[in-house]
1. Take ASP98 and GLN118, extend 7 Å from each Cα along the Cα→Cβ direction, and tell me the distance between the two endpoints in nm.
2. By average Cβ neighbour count within 10 Å, what is the ranking of 217-229, 318-330 from highest down?
3. Between PHE147 and LEU211, how high is the FRET efficiency from 1/(1 + (r/R0)^6) when r is the Cβ-Cβ distance and R₀ = 22 Å? Nearest 0.05.
4. Provide the FRET efficiency to the nearest 0.05 for the LEU335-ASP43 pair, computing r from the beta carbons and using R0 = 45 Å.
5. At what distance in nm do the modelled label points of GLU192 and SER177 sit from each other, each positioned 7 Å from its Cα along Cα→Cβ?
6. Evaluate 2.2 N^0.38 Å with N set to the residue count of the stretch 247-306, then give the Cα radius of gyration divided by it.
7. Between ILE68 and ASP85, 0.36 nm times their residue separation minus their Cα-Cα distance comes to what?
8. Considering only C-alpha atoms, what is the centroid distance from the stretch 183-224 to the stretch 41-94, in Å?
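Just so it is clear, none of the values below were taken in a lab; they were calculated from the coordinates. Given the structure is predicted, the values throughout are model-derived calculations rather than measurements. A quick note on method: Cβ atoms are made from the backbone with ideal geometry, for glycine too, and the neighbour counts reach across all protein chains shown.
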Amino acid sequence: MRISALVIRIIRQFLRDKRTLAMMLVAPLIILTMLHLVFNGDDYIPKVGLVNVPGPVIEKLDLKDAKIKEYDSEKAAKDDTLNRDIDGYILFDGPMLDKIVLEGSDPSVSGAFMKQVQQATKPLLPAASQMELKIDYLHGSEDMGQFDYFGPVLLGFFAFFFVFIISGISFLRERTSGTLEKLLASPLRKWEIVIGYVLGFGIFTMLQATLIAWYAIYILGMLMEGSFIYVLLITLMLSMTALTLGILLSAFANNEFQMIQFIPLIIVPQFFFSGLINLDTISEWLSWLGPITPLYYAAEALRDIMVRGYGWGAIYGNLLIMAGFSVVFILLNILALRKHRAV
């Protein structure tokens with residue numbers, strides 16, 4: 001009887017907690033569906049540029065499984081490759097294959113490109129075998145591994161994840177311990193309270209972001225072509241976004257467990273759509289989730305610096321978008337404080 005009474009009490013407790021019930025029954029189904037849609041997407045179709053390729057040669061090339069764009073000059077093809085409009089290009093010198101140039105920052109894309117090119121040039125092998133084929137990489141190299149490409153995403157993800165959880169739980173404790181109620185009863189305005197918390201937590205956020213970036217690059221040897229200062233700036237901006245979002249969502253949690261429940265809905269989708277999986281292989285009706293997440297812009301900016309070696313001109317737009325996320329979350333934080341009664 002005593003055991004059955006305990007079981008009944010636990011069942012009733014779960015039934016009353018609709019959020020926990022939804023996390024146990026609905027969230028796993030959503031995540032599994034998302035995994036299915038992401039990993040069972042279409043194969044990547046390489047985008048191949050053809051430079052100065054004679055008409056008779058084009059007819060012999062087997063490029064039915066690639067997107068083709070023809071160019072009259074190598075400069076135009078190189079510009080499009082740098083802008084990632086194409087994955088690389090084939091340059092001909094008369095009827096002879098001269099060289100292959102790849103964008104090179106994503107090893108999986110480079111592999112798909114080379115596989116397609118090797119298949120396409122089979123009819124030309126007798127001519128091509130008389131010369132040594134030259135392959136150039138605008139970014140990276142043939143020795144570049146998957147970790148070098150995924151590294152920036154992982155760096156941004158861990159910075160975002162830990163800041164989100166720590167800031168959310170810390171602010172939740174401030175609220176449940178009564179500290180927030182006392183501040184609301186003080187002469188401080190709501191926006192002053194929010195800014196104070198953001199700056200206070202932000203100091204430790206900056207230390208954490210700096211440590212993560214330094215350790216990943218200088219201890220683990222993660223690929224680093226650009227400036228560490230820019231990497232640090234991107235990581236700090238992403239951490240500030242995670243900080244403001246964590247504080248905002250903590251207003252809708254009553255305990256630490258409920259704060260953890262936001263992970264499947266807030267963290268997991270960002271991980272999938274941050275560029276870890278090539279968005280070109282995901283259904284168009286699902287890939288729109290990427291551009292509405294902060295980690296999407298942070299990962300792209302980190303890759304521009306760490307993998308492609310770009311500078312300020314390539315990342316400032318992504319930084320502004322992340323700053324915009326932070327401002328929106330701060331404003332929502334100010335509005336969320338209205339739900340708490342001042343004493």
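1. 2.5 nm
2. Taking the mean over residues of other Cβ atoms within 10 Å, the ranking is 318-330, 217-229.
3. Numbers: r = 20 Å, r/R0 = 0.90.
E(calc), rounded to 0.05, equals 0.65.
4. Numbers: r = 45 Å, r/R0 = 1.01.
With R0 = 45 Å, the Cβ-Cβ based efficiency is 0.50.
5. 2.2 nm
6. Numbers: Rg = 13.9 Å, N = 60, 2.2 N^0.38 = 10.4 Å.
Against the compact-globule rule of thumb, the ratio is 1.34.
7. Working: separation 17, 0.36 × 17 = 6.12 nm, distance 1.10 nm.
Additional length available on full extension: 5.0 nm.
8. Going from one Cα centre to the other spans 46 Å.
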